[in-house]
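Written below as structure tokens is the structure these notes are about.
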Amino acid sequence: MRIAPSVLFLAALAVPSAAAAQPAVTPGGVIRLFDGKTLDAFYPWLVDTHREDPLRVFSVVDQVDGAPAVRISGERWGGLVSRESYRDYRLVVEFRWGLLTWGQRKNAARDSGVLIHAQGADGNTGKDFNGAWMRSIEAQIIEGGVGDFILVAGFEADGTRLRPTLAARASQDRDGEWFYDPKGEARDFASGRLNWHGRDADWKDALGFRGREDVESPYGQWTRMEITAQGDRVTVTVNGTVVNEATRSSLTEGKILIQSEGAEIYFRRIDLEPLAGS
């Protein structure tokens, strides 16, 4: 990996309040959320500092393997949040891990994630709105678990905690954890997670973990993940393999949030594509 010394850092920009939310955008063509130069399509959100990024957790580097990329250091918990809300799209991201890990996750599996259909006020995963994320459906990015679904609950101003729901065909592994199984029974999920179909039953939260059936690329290589949101259906594809799918999602539109969660990660592509036939 080659990273040129010149780095463009994300500047803090004014962001409309949640109350001023605009109608969700349905892509009519490719929308490049990362244009190779700036992070103008996003704003930062971090625990405690909120829309300020004093440690430069989010930046654009000139070269990673010969091309510009978004760098997320992972040093602070939070995420890059899209300025617009979206619905009915295919989100294509290409990512690879960096070297750094931090704090309580220093020796744990490298961790990040892409949250779609994110709704409500910033930081609403905390009752005091100082949480790291927003109510959403997470497509997990973690060593050994790329493509897991996590239902991320969030608070409203009156203290009500709203939990996303979805349905999927699923089975349980030997430890009782649910995983996506196209031949399994249809089941409703109102909390927790739905693992991707090949997640190793012996998965450990250990740095560098790799499962026997993992389809994500080996450490140091780029992984392509596609998240297709069509109505109330969400499908996740990793390196060309469908790894998870759910229907009847209670969330069908919202912002896109890319997590900072204790591990350095690079994204060289963050594109929204229109669905076929739209």
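The values are calculated or read from the model by the stated rules, or taken from the named source; none is laboratory data. Given the structure is predicted, the values throughout are model-derived calculations rather than measurements. FYI the Cβ positions are ideal-geometry reconstructions off the backbone, even for glycines, and counts take in every protein chain you see.
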Conditions (1) surrounded by 14 or more Cβ atoms within 10 Å (Cβ to Cβ); (2) of a type outside the set (Gly, Ala, Ser); (3) free of Cβ contacts under 8 Å to residues at least 40 places away in the same chain -> residue 89 fails only (3)
Just to check your reading of the model, which residue among 62, 35, 48, 40 is touching a strand residue (DSSP E or B) at 6+ places or on another chain (Cβ under 7 Å) and acidic (Asp, Glu)?
62
Restricting the search to the range 47-69, which residues are on the phi < 0 side of the Ramachandran plot, out of contact with any Asp or Glu (no Cβ under 6 Å at 6 or more places or on another chain), in a loop (DSSP other than H, G, I, E, B) and not hydroxyl-bearing (Ser, Thr, Tyr)?
47, 51, 52, 53, 54
The lone condition residue 44 fails out of (1) more than 17 Å from residue 99 (Cα to Cα); (2) assigned to a loop (DSSP other than H, G, I, E, B); (3) not hydrophobic (A, V, I, L, M, F, W, C) is (2)
Among the candidates 211, 147, 126, residue that is modelled with pLDDT of 95 or more, at positive phi and not basic (Lys, Arg)
147
Among the strands (runs of 3 or more DSSP E) lying completely within the range 219-270, list those that include at least 2 residues that are more than 16 Å from the chain's Cα centre (by Cα).
241-246
Any residue at all in the range 99-109 that is basic (Lys, Arg) and under 18 Å from residue 205 (Cα atoms)?
yes
Residue within the range 78-88 that is under 21 Å from residue 251 (Cβ atoms), of a type in the set (Phe, Trp, Tyr), part of a loop (DSSP other than H, G, I, E, B) and in contact with a Gly (Cβ under 8 Å, 6 or more places away or on another chain) present:
no
For residue 126, all conditions in the list (1) of a type in the set (Gly, Ala, Ser); (2) within 20 Å of residue 249 (Cα to Cα); (3) surrounded by fewer than 24 Cβ atoms within 10 Å (Cβ to Cβ) hold save one; what is the number of the exception?
(2)
What residue, among those in the range 191-225 that are hydroxyl-bearing (Ser, Thr, Tyr) and surrounded by fewer than 17 Cβ atoms within 10 Å (Cβ to Cβ), is nearest to residue 268 (Cα to Cα)?
219
Every residue from the range 222-278 that is in contact (Cβ under 8 Å) with a residue 12 or more places away in the chain and of a type in the set (Gly, Ala, Ser)
229, 231, 240, 246, 249, 250, 254, 260, 262, 263, 278
Some residue of the range 161-179 being touching a Gly at 6+ places or on another chain (Cβ under 9 Å), farther than 20 Å from residue 249 by Cα and surrounded by 23 or more Cβ atoms within 10 Å (Cβ to Cβ)
no
Can you tell me which of 193, 210, 199 is over 24 Å from residue 152 (Cα atoms) and charged (D, E, K, R)?
210
